[in-house]
Amino acid sequence: MLDPQTAVHVHDRLRSSGPLVQVITNYVSMDIAANLLNAAGASPAMVHDAREAGEFAGIAQAVVANIGTLSPPWVDGMLAAVEVASAAGKPWVLDPVAVGATAYRRETAALLVEHRPTVIRGNASEILSIATSTGAGRGVDADADTADVRADAEALASKLDTVVAMTGVVDVVTDGTRTAHVIGGDDRAPMITALGCSASALVAACCAVHDDAFEASTAALAILTAAIEQAGALAEGPGSLRWRLMDALSTLPSSAVADVVARR
Amino acid sequence: MLDPQTAVHVHDRLRSSGPLVQVITNYVSMDIAANLLNAAGASPAMVHDAREAGEFAGIAQAVVANIGTLSPPWVDGMLAAVEVASAAGKPWVLDPVAVGATAYRRETAALLVEHRPTVIRGNASEILSIATSTGAGRGVDADADTADVRADAEALASKLDTVVAMTGVVDVVTDGTRTAHVIGGDDRAPMITALGCSASALVAACCAVHDDAFEASTAALAILTAAIEQAGALAEGPGSLRWRLMDALSTLPSSAVADVVARR
Amino acid sequence: MLDPQTAVHVHDRLRSSGPLVQVITNYVSMDIAANLLNAAGASPAMVHDAREAGEFAGIAQAVVANIGTLSPPWVDGMLAAVEVASAAGKPWVLDPVAVGATAYRRETAALLVEHRPTVIRGNASEILSIATSTGAGRGVDADADTADVRADAEALASKLDTVVAMTGVVDVVTDGTRTAHVIGGDDRAPMITALGCSASALVAACCAVHDDAFEASTAALAILTAAIEQAGALAEGPGSLRWRLMDALSTLPSSAVADVVARR
């Protein structure tokens, strides 16, 4: 659980301070993740090459490493950035997209996990895959549900001393000790490509403005859920849901965020 | 020609089975191609690097190789993926974007053609360029019309034992023996960047759920045309046409697909 | 200042001739820059790799080099393209995204500047950073205002014999001798990611159809401003502003462009 007032505080801070977030993400998510951060009040920068990724992480207030469209130069850039972030005590978020699908993804995620992500944001299958590979889970299930993976997520969070933010029909956020649920959204949201990647970017932005990563991650998912619901009330399909989400985020009342957090 | 009932069958199968399509495509088309596949009911994955492209092709049900924003590592990834797809008898679609423009494009398309694409999807100029380079056509014409290139497309399809899906004001699909036309759409559709690339991805998705690639390709273009028309009825320009296309695809009635196919 | 009739002439030429613009740009801007050029009547091509970038620059009518998501292979491609453009007397536009942020950006911008850009399009901070590094300005200011940087922009334009197109709340365009302002727009436009990058692409397209780069650049920013205002009149946030901008550009009356230019 999260106190609604804390969620409102994170939301206010996000808008008033406009944190600079270095988003090293996949090609598919570039456009939506950057626009979503902008609409929410943060400042995205997609600086990825190893020649500047570490230097830029010194300026950024949070970093995202997303393995959606991997290649060796990008992995080098991610490692350079998260090393700097980790050493400086800045929050960074790992998004292990489709980590169970190939050996290259498993290896890369394992390399990144060594740099102690502040938050791991993924769907239930991805979290289960990471949990299993680190000895904290039971095995891969491509159609896993967040409720079924809750115990694995908690074990993973404890083992790595990280926050796990697992999104799905019901989002589950845990640091191993505390566990929160974020309930709501829109049935058509999964048809918006890279919405999960964008959620990871928003989690990073919230961690940049609030020290408690469990609270910041939960607040980020509540902000996104509240905006999706406002957008969904008027949307006619995934195309309109996407642009209405940007409109909703840019003027989202804090009360809507508090309402989502207060749900049981 | 295609039987309307077959088109409806392909459309139903696309939605009920949600095929996993590996789309190795250009940077410009990433967002729209992924969202269009999602809206249509398929599951896109933009896995491109040679370290995992072949392995992933083993999981995917169809592959797209699109040369829009070429570079050597991406060509390696395309070759790795189509080799696996070809060997496994899985459908794969070549999109030879602007193949006539540079030597590098011509060479890359030639390398890819050796791996026996199930379908080649392009505009009339691109199809003419491929036909010419393989000895099946008469020469390059940057402003070619699909009607004028029909014979070249049929010769190319016969020569390579492939399906040629040529899009334009009137779409022409041929396997060398059978030829179908898909008529309709919206005048403003060419202003949507990478809509052709997205058509290639949808062709791949339909080939994944229906063995006859000629029928599957024709059905894919009919689905897209029907959705464009529904979107166009309400759109005020290329911006609204694009998001309305996503909305239309996500709820497209099969009768609209049948209507497009039934046109003469 | 620019004569409104000249702006209308550039706008008409842009639509009637549909110039081919080679846009070597960052991943975040690919989708919006290509769609914006298409909506405005130009023909974008995102050909970037050194194996074909120079060859393609021989076909294109203008080139953009944008350093937003830099990496060595892309810098090679930019250099290959601008070398050909420069030698052939074709216009090319440098967009020095976040040039002050890292050493790699400063070095790359310096390499590109040696190839004599026709126009440098950036925000006030970026222009100040380039001016400073070439000895034409006073130092970096991350929150610089175009009015405060006008003298630096004029000195930079004179020193490099280029046009500087500096965008912000008020746009300032100068060739060192003449200086024009473009006034107007929408408060929410900065929330649309990569709108500046798209402005650079539109500047290149206008330079392709009108020899006087100062006039062409001013006309480009007036076209964009007029379309943003039309879009903004109906938009509810950054999401709707973006697609409405595409709709507005595709049918923009020349009178709206003339009105923007005529403002004092």
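The values are calculated or read from the model by the stated rules, or taken from the named source; none is laboratory data. Everything numeric in this text was worked out from a predicted model, so none of it was measured. Please note: Cβ atoms are built from the backbone with ideal geometry, for glycine as well, and neighbour counts cover all protein chains shown. We work out accessible area using only protein heavy atoms, side chains counted, and drop any ligands, DNA or RNA first. Shrake-Rupley method; radii C 1.70, N 1.55, O 1.52, S 1.80 Å.
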When residues of region C:165-177 are limited to those that are part of a loop (DSSP other than H, G, I, E, B) and in contact with a strand residue (DSSP E or B) (Cβ under 9 Å, 6 or more places away or on another chain), the one most open to solvent (accessible area, probe 1.4 Å) | C:VAL169
Exactly one of (1) within 12 Å of chain C (Cβ to nearest Cβ); (2) open to solvent by 30 Å² or more (accessible area, probe 1.4 Å); (3) in contact with a helix residue (DSSP H, G or I) (Cβ under 6 Å, 6 or more places away or on another chain) is unmet by A:ARG13. Its number?
-> (1)
Looking at C:ALA33, C:ALA39, which one is within 15 Å of the chain's Cα centre (by Cα) and facing another protein chain (nearest Cβ under 10 Å)?
-> C:ALA33
Note on A:VAL47: of the conditions (1) β-branched (Val, Ile, Thr); (2) under 18 Å from A:LEU160 (Cα atoms); (3) within 11 Å of chain C (Cβ to nearest Cβ), unmet is (2)
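Matching residues to (1) away from every other protein chain (no Cβ under 14 Å); (2) surrounded by 22 or more Cβ atoms within 10 Å (Cβ to Cβ); (3) within 16 Å of the chain's Cα centre (by Cα):
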residue: B:CYS207; (1), (2), (3): yes, yes, yes
residue: B:GLY232; (1), (2), (3): no, no, no
residue: B:LEU241; (1), (2), (3): no, yes, no
residue: B:ASP247; (1), (2), (3): no, yes, no
residue: B:THR251; (1), (2), (3): no, no, no
residue: B:VAL260; (1), (2), (3): yes, yes, no
residue: B:ARG264; (1), (2), (3): yes, no, no
Taking the condition more than 20 Å from C:ILE67 (Cα to Cα) and buried (at least 22 other Cβ atoms within 10 Å of the Cβ), does C:VAL99 pass?
-> no
Test B:ALA124 against the stated conditions and say whether it is on the phi < 0 side of the Ramachandran plot and of a type in the set (A, V, I, L, M, F, W, C).
-> yes
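Just to check your reading of the model, which residue among C:ALA201, C:ALA216 is away from chain B (no Cβ under 14 Å) and within 12 Å of the chain's Cα centre (by Cα)? Working first, answer last.
Numbers: C:ALA201 fails: away from chain B (no Cβ under 14 Å).
Criteria check complete, one pass: C:ALA216.
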Residues of region C:178-189 being assigned to a strand (DSSP E or B) and among the hydrophobic types (A, V, I, L, M, F, W, C), which ones?
-> C:ALA180, C:VAL182, C:ILE183
In region B:16-28, the residues that are at the interface with chain A (Cβ under 10 Å from one of its Cβ atoms) and not hydrophobic (A, V, I, L, M, F, W, C) = B:THR25, B:ASN26, B:TYR27
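Among the listed residues C:ALA34, C:ALA87, which satisfies the condition of being modelled with pLDDT of 95 or more and buried (at least 24 other Cβ atoms within 10 Å of the Cβ)?
Values: C:ALA87 fails: buried (at least 24 other Cβ atoms within 10 Å of the Cβ).
Just a single option satisfies the conditions, and that option is C:ALA34.
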What's the number of the condition A:ALA60 fails, among (1) open to solvent by 10 Å² or more (accessible area, probe 1.4 Å); (2) more than 17 Å from C:VAL28 (Cα to Cα); (3) within 11 Å of chain C (Cβ to nearest Cβ)?
-> (1)
Scope region B:63-75; condition in contact with a Phe, Trp or Tyr (Cβ under 6 Å, 6 or more places away or on another chain) and at the interface with chain A (Cβ under 9 Å from one of its Cβ atoms); matching residues | none
Tally the residues that are open to solvent by 10 Å² or more (accessible area, probe 1.4 Å) and in contact with a helix residue (DSSP H, G or I) (Cβ under 6 Å, 6 or more places away or on another chain), restricting the search to region A:107-117.
-> 2
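For region C:83-116, enumerate the residues that are among the aliphatic types (A, V, I, L, M) and away from chain A (no Cβ under 14 Å). Please lay out each step first, then the result.
Going through region C:83-116, the residues among the aliphatic types (A, V, I, L, M) turn out to be C:84-85, C:87-88, C:93-94, C:97-99, C:101, C:103, C:109-113.
C:VAL84, C:ALA85, C:ALA87, C:ALA88, C:VAL93, C:LEU94, C:ALA110, C:LEU112, C:VAL113 - these are the residues of region C:83-116 that are among the aliphatic types (A, V, I, L, M) and away from chain A (no Cβ under 14 Å).
Looking at the structure I just gave you, is C:ILE228 within 13 Å of chain B (Cβ to nearest Cβ), hydrophobic (A, V, I, L, M, F, W, C), touching a Gly at 6+ places or on another chain (Cβ under 6 Å) and open to solvent by less than 20 Å² (accessible area, probe 1.4 Å)? Steps first, please.
On the way: within 13 Å of chain B (Cβ to nearest Cβ): yes; hydrophobic (A, V, I, L, M, F, W, C): yes; touching a Gly at 6+ places or on another chain (Cβ under 6 Å): yes; open to solvent by less than 20 Å² (accessible area, probe 1.4 Å): yes.
Criteria met by C:ILE228.
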Test: residue in region C:40-50 that is among the polar types (S, T, N, Q) and closer than 23 Å to B:GLY100 by Cα = yes
Determine if region A:118-140 includes at least one residue that is modelled with pLDDT of 95 or more, open to solvent by 50 Å² or more (accessible area, probe 1.4 Å) and within 14 Å of chain B (Cβ to nearest Cβ).
-> yes
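How many residues does region B:183-198 hold that are farther than 21 Å from B:VAL47 by Cα and either within 12 Å of another protein chain (Cβ to nearest Cβ) or crowded, with 23+ Cβ neighbours inside 10 Å (or both)?
The number of residues fulfilling the criteria is 8.
Among A:ASP143, A:ASP171, A:ASP175, A:ASP211, which is the only one that is without any contact (Cβ under 8 Å) to a residue 24 or more places away in the chain, within 22 Å of A:THR6 (Cα to Cα) and of a type in the set (Asp, Glu)? Reasoning before the result, please.
Values: A:ASP143 fails: within 22 Å of A:THR6 (Cα to Cα); A:ASP171 fails: without any contact (Cβ under 8 Å) to a residue 24 or more places away in the chain; A:ASP175 fails: without any contact (Cβ under 8 Å) to a residue 24 or more places away in the chain.
Every option except A:ASP211 fails the conditions.
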Single unsatisfied condition, B:GLU52 versus (1) open to solvent by 30 Å² or more (accessible area, probe 1.4 Å); (2) without any contact (Cβ under 8 Å) to a residue 24 or more places away in the chain | (1)
